[in-house]
Each structure stands twice: as C-alpha cells, then as structure tokens.
Amino acid sequence: MDKFLIQGGNSLIGKVEISGAKNSALPCLAATILTPETVTLHNVPYVKDLITQRRLLEDLGATVLTPELHTHKVKAENIEVFEAPYELVKTMRASVLALGPLLGRFGQAKVSLPGGCAIGTRPIDLHLKAFEQLGAKVSLEAGNVVARTPKGRLIGAETFFEKVSVTGTENVMMAAVLAKGKTTIHNAAREPEIGDLAELLNKMGAKVQGAGTETIIIDGVEGLHGAEHSIIPDRIETGTFIVAAAITGGELEISKCQPKHLVAVIKKLREAQVEITEIDENTLLVKCGDAPLKAKDVTTKPHPAFPTDMQAQYMALMTQASGKSTVVETIFENRFMHVAELIRMGAEIHIGGNTAVVHGKTRLMGAPVQASDLRASASLVLAALCASGETIVDRVYHIDRGYENIVRKLKKVGADIERVTENLAMSAE
Ligand code: EPZ
C-alpha cells in the first residue's frame with residue numbers, strides 16, 4: 001500500500017488548479033446510461049472513483065473512450081447487463097447511482113447493496129422508497145437490490161425524502177426523466193452537484209426544473225439524446241487547498257474553482273481570520289492573515305450550509321487556532337476517524353457523541369498515522385504539512401479516490417511530500 005512521507009513546516013506558496021468535481025462526475029457518468037447516443041463529459045477528474053465508475057459502465061456494455069485524460073466519451077448503445085456487481089459496489093458505493101438510469105431506461109436493475117464504510121452504515125433505503133413511489137417493485141435478493149417496473153415504465157409521482165440525500169436525489173432524478181408523467185421530488189438535496197446533473201440531463205433532452213432548491217419537478221420524456229458537458233470544479237478540493245494555505249501560513253492562488261459553490265466554507269474560514277480574496281469568479285487568493293487564526297465553532301448540514309466533506313479538514317485547521325472550537329457532525333454517525341490520529345500528532349481534541357471540542361493552538365509533531373476515509377486522509381495531510389518533523393500517512397489509497405495528483409499539486413507549491421510505494425515483496429517478508 002502507498003504511503004505519503006511529509007516533512008512539515010514549509011509555507012505553501014504558488015498556484016493550484018482545481019480539478020473537476022468527483023461527486024458530480026460520478027452521477028453524470030451514470031446519466032450516460034440513459035441514452036444510446038454518445039455523451040461527452042469534459043473536466044472529469046483523474047481519480048480512482050472515476051476509474052471504477054468507468055469500469056462499471058463498460059461492465060454494463062457501454063463503450064467509454066477517453067480521447068484525453070479528462071474527457072470521457074460514453075456510448076451506452078448496447079447495454080446488455082443491468083447489474084452492478086458486489087466487487088465494484090464494495091469498492092465504491094456510488095455505484096448505486098446505476099440504479100436510477102437502468103430503471104428509468106430499461107425498467108430493470110440489480111445492484112449489490114453497498115456495505116457501510118468507515119464514516120457510517122450509509123443505507124440506501126430512501127433511494128428504494130422513492131423508486132417504489134415511481135411504481136418500481138423493489139426486493140432484496142442475496143444481498144442485491146433488485147428493482148423492476150411491472151408496467152414496463154416508471155410512472156411519475158410525488159416523492160418525498162425524509163432525510164436530505166445527495167445520491168438519493170440524483171438517483172431519482174435519473175429514474176424520473178424517462179418516467180411517464182410528472183415527478184416532484186420534495187426535500188431534495190441542494191448541493192451544486194445536483195444542479196450540474198440537472199444541466200446535463202436537460203442538455204440530453206430531459207425536462208428538469210428546480211435543481212438547487214428543495215423541490216425538483218421533472219416532466220418525463222420518451223427518450224434522451226447525446227450531449228456534451230463540462231463537470232463543475234471540485235468545491236471540496238477547493239476548500240482543502242484553502243485550508244492548506246491557511247494551516248501552513250502560506251499564500252495560494254487557487255484557479256479553475258467556483259467560489260459560489262462553497263460560500264459557507266469561505267464565510268467560516270474568513271471568520272477564523274483566513275484572508276480569502278476572490279480575484280475573479282473562478283480564482284481565489286488565500287493567505288493566512290497577519291492576525292492569528294481564531295477558533296470558530298462549526299456544525300455540518302446539507303448544502304448550502306457547511307459541508308460534512310470539509311469537517312475533517314476544518315478540524316485540522318482548528319488545532320492551529322487560538323481558543324476552543326466545537327465541531328458538530330450532523331450528517332454521518334462516525335465521521336471523527338481522523339481525531340485519534342490528530343491526537344497522536346499532538347492535537348487536543350475531546351469527543352462527546354457527534355461533537356468534537358478542539359483546544360488550540362497546539363504544536364503538532366510528525367508521526368506515523370493511518371488514513372481511514374477520503375476526507376480524514378486529507379485532514380491528516382494538512383496536519384502533517386504544519387507539523388514539525390516527519391509524518392508517514394499510511395493507506396493513502398483513500399485519498400487517491402477523490403484528489404487528483406495531490407502529491408504533484410502540493411510539491412509544486414513547496415510542500416515536502418513524497419509518495420512511497422511499498423515493495424510488495426518486502427512487505428511479504
Ligand atoms: C454524498 O454521499 C457524497 N458522495 C458524500 O461525499 C457526502 O459526504 C454526502 O453526499 C453528504 O453530503 C457522493 O456524492 C458520491 P447522503 P451520499 O445520501 O449521497 C443518510 C466524499 O467524501 N441516508 O446525502 O451517500 C446517510 O446515512 C463523500 O466525497 C439514509 O439514511 O450521502 C447520511 O447519514 C463521502 N438513507 C445522510 O442520510 C438513504 O437512503 C446523508 O447521506 C440515504 C442516505
């Protein structure tokens with residue numbers, strides 16, 4: 001397994017380009033299943049989850065060409081398989097996004113129930129309930145979700161999410177665009193990735209209105225055609241690099257981003273005395289202000305509030321802020337896996353239920369630490385960048401799922417970081 005070796009203490013200075021959003025590219029790639037014609041997606045990030053998603057599409061029978069690294073041309077003309085197998089779903093739960101389009105276009109889908117992951121049980125009960133509201137028959141067979149439309153086609157309906165679900169909203173959108181009649185999705189997720197998916201679906205001939213609000217209205221159509229679309233920038237990668245500049249006392253120009261997608265993050269970091277200037281609508285200049293970082297409380301909530309995917313990174317920063325800050329995680333039941341590792345580096349953090357209290361400013365010391373999930377690993381890298389001494393971050397395959405070329409991007413702005421690929425032969429001894 002790969003590790004990162006990080007010598008902390010360097011201030012990050014220079015320019016960083018943000019890649020396409022993993023959590024938009026995943027549903028947009030799934031949406032290509034909805035038409036036999038070619039859909040071209042640009043600005044697809046080169047990260048592990050998208051390699052997995054591409055494999056899923058090819059396993060279903062689609063042709064995927066990548067004329068250049070960040071462009072995927074998908075032609076789902078000959079879909080012969082309607083199943084996302086366990087070995088794919090267990091590595092990436094977002095494979096469940098195949099359910100909606102398969103059901104919408106072919107009236108059948110079989111997807112292995114995704115297991116939980118480090119941050120929680122991650123059920124998909126709300127997805128399945130919504131499909132049933134659209135007329136699907138859903139059953140669990142040997143660990144697989146099996147969904148069929150007895151009437152041959154889904155019927156538009158009023159659907160309601162008891163809890164806001166990002167991929168749940170996306171799955172139902174993709175099922176409903178080809179349903180007979182009108183579908184309303186109440187209590188829909190409002191994340192920017194929902195708007196990006198809606199834009200792609202409408203380019204393909206769908207009729208989706210209200211994306212980005214809590215009520216989405218979809219008028220079903222007979223069929224969808226090909227389209228071309230560019231994926232929005234990754235707002236969580238953007239937030240991660242803002243924290244990287246602040247935690248190392250550096251200065252970064254962050255380009256190809258969309259500041260309007262992370263208003264709550266920028267607001268909170270400015271409150272903590274991080275200097276963030278919008279140079280233009282796609283570029284931020286970030287530097288740690290002259291005033292010391294201030295401890296500020298945060299509570300994660302669905303968009304447009306502070307995102308759960310920035311919680312771990314923010315907590316790393318709060319270890320360097322003067323004072324006590326309270327971090328409340330309301331989305332996932334176990335998203336504090338980074339805390340024990342940060343404590344091993346010298347942080348002072350106390351957990352009580354879904355609340356972590358951080359006492360800063362503490363001097364962090366390099367140490368061997370272990371990544372547990374995508375955003376926790378980002379948090380450990382950030383802490384290592386400002387710690388004194390060497391940190392070895394193990395199991396960095398977690399970070400490779402959602403951050404494109406993170407070592408290269410960090411080195412380019414002055415970080416002392418190396419990827420070490422453990423020789424399997426050696427580890428076998
Ligand atoms: C998406 O996951 C993101 N993944 C996650 O990003 C992100 O953390 C999450 O939304 C919240 O913003 C992708 O978009 C691929 P949810 P998702 O359904 O859709 C519960 C990352 O780091 N729930 O919005 O799976 C669920 O357990 C990843 O990039 C049900 O109970 O999250 C959670 O507590 C991690 N039943 C809450 O709702 C359901 O049927 C929100 O989950 C569905 C969800």
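The values are calculated or read from the model by the stated rules, or taken from the named source; none is laboratory data. Given the structure is predicted, the values throughout are model-derived calculations rather than measurements. With ideal geometry, Cβ positions are generated from the backbone for all residues, glycine too; neighbour counts draw on all protein chains shown.
Yes or no, residue by residue, for (1) among the β-branched types (Val, Ile, Thr); (2) more than 26 Å from Val164 (Cα to Cα):
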{"position": "Val44", "(1), (2)": "yes, no"}
{"position": "Arg54", "(1), (2)": "no, yes"}
{"position": "Asp59", "(1), (2)": "no, yes"}
{"position": "Pro67", "(1), (2)": "no, yes"}
{"position": "Glu87", "(1), (2)": "no, yes"}
{"position": "Gly100", "(1), (2)": "no, no"}
{"position": "Lys110", "(1), (2)": "no, no"}
{"position": "His127", "(1), (2)": "no, no"}
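Taken over the stretch 362-421, residues that are in contact with a Pro (Cβ under 6 Å, 6 or more places away or on another chain) and within 15 Å of the ligand (Cβ to nearest atom) amount to 1.
If you take the residues in the stretch 9-39 that are more than 28 Å from Leu56 (Cα to Cα) and not in a strand (DSSP E or B), which one is nearest to the ligand (Cβ to nearest atom)? So that I can check it myself, show each step before the final result.
At the first step, the residues of the stretch 9-39 found to be more than 28 Å from Leu56 (Cα to Cα) are 9-17.
Then keep just the ones that are not in a strand (DSSP E or B); that gives 9-12.
On the way: Gly9: 28, Asn10: 26, Ser11: 27, Leu12: 22 Å.
Here the answer is Leu12.
In the stretch 123-166, the qualifying residues are those that are without any contact (Cβ under 8 Å) to a residue 40 or more places away in the chain and β-branched (Val, Ile, Thr), and the one that is nearest to Gln108 (Cα to Cα) is Val146. In the stretch 378-395, the residue that is nearest to Arg363 (Cα to Cα) out of those that are crowded, with 24+ Cβ neighbours inside 10 Å and of a type in the set (S, T, N, Q) is Thr391. One residue stands out among those in the stretch 125-142 that are surrounded by 20 or more Cβ atoms within 10 Å (Cβ to Cβ) and under 13 Å from Val96 (Cβ atoms): the one that is farthest from the ligand (Cβ to nearest atom), which is Phe131.
Report yes if Met310 is in a helix (DSSP H, G or I), touching a residue at least 60 places away in the same chain (Cβ under 8 Å) and within 20 Å of Thr362 (Cα to Cα), otherwise no. Give the derivation first.
Details: in a helix (DSSP H, G or I): yes; touching a residue at least 60 places away in the same chain (Cβ under 8 Å): yes; within 20 Å of Thr362 (Cα to Cα): no.
Considered against the rule, which asks whether it is in a helix (DSSP H, G or I), touching a residue at least 60 places away in the same chain (Cβ under 8 Å) and within 20 Å of Thr362 (Cα to Cα), Met310 comes out as no.
Taken over the stretch 173-230, the residue count meeting the criterion of being in contact with a His (Cβ under 6 Å, 6 or more places away or on another chain) and within 16 Å of the ligand (Cβ to nearest atom) is 4. Restricting Leu50, Leu56, Leu65 to residues that are touching a Lys or Arg at 6+ places or on another chain (Cβ under 8 Å) and under 22 Å from Ile124 (Cβ atoms) narrows the list to Leu50.
Look at Lys163 and say whether it is touching a strand residue (DSSP E or B) at 6+ places or on another chain (Cβ under 7 Å), surrounded by fewer than 17 Cβ atoms within 10 Å (Cβ to Cβ) and not assigned by TED's automatic domain parsing to the domain that holds His261. No; evaluated as a whole, the condition is false for this residue.
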